[in-house]
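Have a look at the structure below, then the notes.
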Amino acid sequence: MDVQYTIVIADDHPLFRNALLQSIHMAISDTHLLEADSQNSLFSLLEKTDDIDLLLLDLKMPGSSGISGLIQLRQQYPELAIVVVSASEEDEVVQQVYNHGAFGFIPKSSEMQVLLNALKQIINGQPYFPATISHNNHQQQLTTKISALTPQQYKVLTMLTEGLLNKQIAYDLNVSEATIKAHLTAIFRKLEVKNRTQAVILLQQLEIN
């Protein structure tokens, strides 16, 4: 029988990945399931795999501290359907996931029938979010600003949050310090901030503490 859907499960907990695998088999027939246990392994998988229908993403994996991982995925794979499956179930987190263009949010605490219904709804092309979701203008404005960054500019911004100096960032990215300064100028303009401290604060507002 031909494979109908290719689904990626990105979660660093093997037991939960296994539970999710079983749930998908119960909810959706004809699936090709792939697994990733870190941000790096996920991007490596996405680079070498074509025609992925759905990504089920945990926000907290090695290499990703929270919503920033979703932002990076949205930038590099704008057409990929991403559904966050997370233990961070606060309304604010769900709102951020929604604002950053995810196709859905499934709490890890969901009962089995809720999970199955959500998966069926998603694979049929309908987003799934808890009923508490609402529109938030401030978060949407932040989302728009962050999304305007190129992948390289976003990488520079995340390295700023690590407290790295311009020359350290230049060394790690194998570019000149002048290139980093040019990136920072563009970042500050797009984010409408005046310095690196303000840029870091803006990004942190979108992170999950």
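Scanning the range 18-34 for residues that are closer than 20 Å to GLN121 by Cα and either at pLDDT 90 or above or outside any loop (DSSP other than H, G, I, E, B) (or both) turns up ALA19, LEU20, LEU21, GLN22, SER23, ILE24, HIS25, MET26, ALA27, THR31, HIS32, LEU33.
Scanning the range 130-181 for residues that are at pLDDT 85 or above, among the aliphatic types (A, V, I, L, M), outside any helix (DSSP H, G or I) and closer than 22 Å to PRO78 by Cβ yields a single hit, LEU149. Any residue in the range 35-47 that is crowded, with 17+ Cβ neighbours inside 10 Å, under 24 Å from LEU115 (Cβ atoms), at pLDDT 85 or above and among the small types (Gly, Ala, Ser)? Within the range 35-47 (the criterion being crowded, with 17+ Cβ neighbours inside 10 Å, under 24 Å from LEU115 (Cβ atoms), at pLDDT 85 or above and among the small types (Gly, Ala, Ser)), the answer is yes, since at least one residue qualifies.
Restricting attention to the range 64-85, the residues being open to solvent by less than 40 Å² (accessible area, probe 1.4 Å), more than 23 Å from GLN121 (Cα to Cα) and part of a loop (DSSP other than H, G, I, E, B) number 1. Of a type in the set (S, T, N, Q), open to solvent by 30 Å² or more (accessible area, probe 1.4 Å), in contact with a helix residue (DSSP H, G or I) (Cβ under 9 Å, 6 or more places away or on another chain) and touching a residue at least 60 places away in the same chain (Cβ under 8 Å): is that true of THR179 in this structure? Judged against the criteria, THR179 is not a match.
Yes/no per residue for (1) crowded, with 22+ Cβ neighbours inside 10 Å; (2) polar (S, T, N, Q); (3) in contact (Cβ under 8 Å) with a residue 24 or more places away in the chain:
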site: ASP53; (1), (2), (3): no, no, yes
site: ASP58; (1), (2), (3): yes, no, yes
site: PRO62; (1), (2), (3): no, no, yes
site: SER88; (1), (2), (3): no, yes, yes
site: GLU92; (1), (2), (3): no, no, no
site: TYR98; (1), (2), (3): yes, no, yes
site: TYR128; (1), (2), (3): no, no, yes
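Mind counting the residues in the range 22-33 that are open to solvent by 30 Å² or more (accessible area, probe 1.4 Å) and either out of contact with any Ser or Thr (no Cβ under 6 Å at 6 or more places or on another chain) or among the basic types (Lys, Arg) (or both)? The number of residues fulfilling the criteria is 6.
The values are calculated or read from the model by the stated rules, or taken from the named source; none is laboratory data. Nothing here was measured: the structure is a model prediction, and the numbers come from that model. All Cβ positions, even for glycine, are placed from backbone atoms using ideal geometry, and neighbour counts span all protein chains on display. Each accessible area value is taken on the protein alone, full model and side chains, heavy atoms only, with ligands, DNA and RNA left out. Shrake-Rupley method; radii C 1.70, N 1.55, O 1.52, S 1.80 Å.
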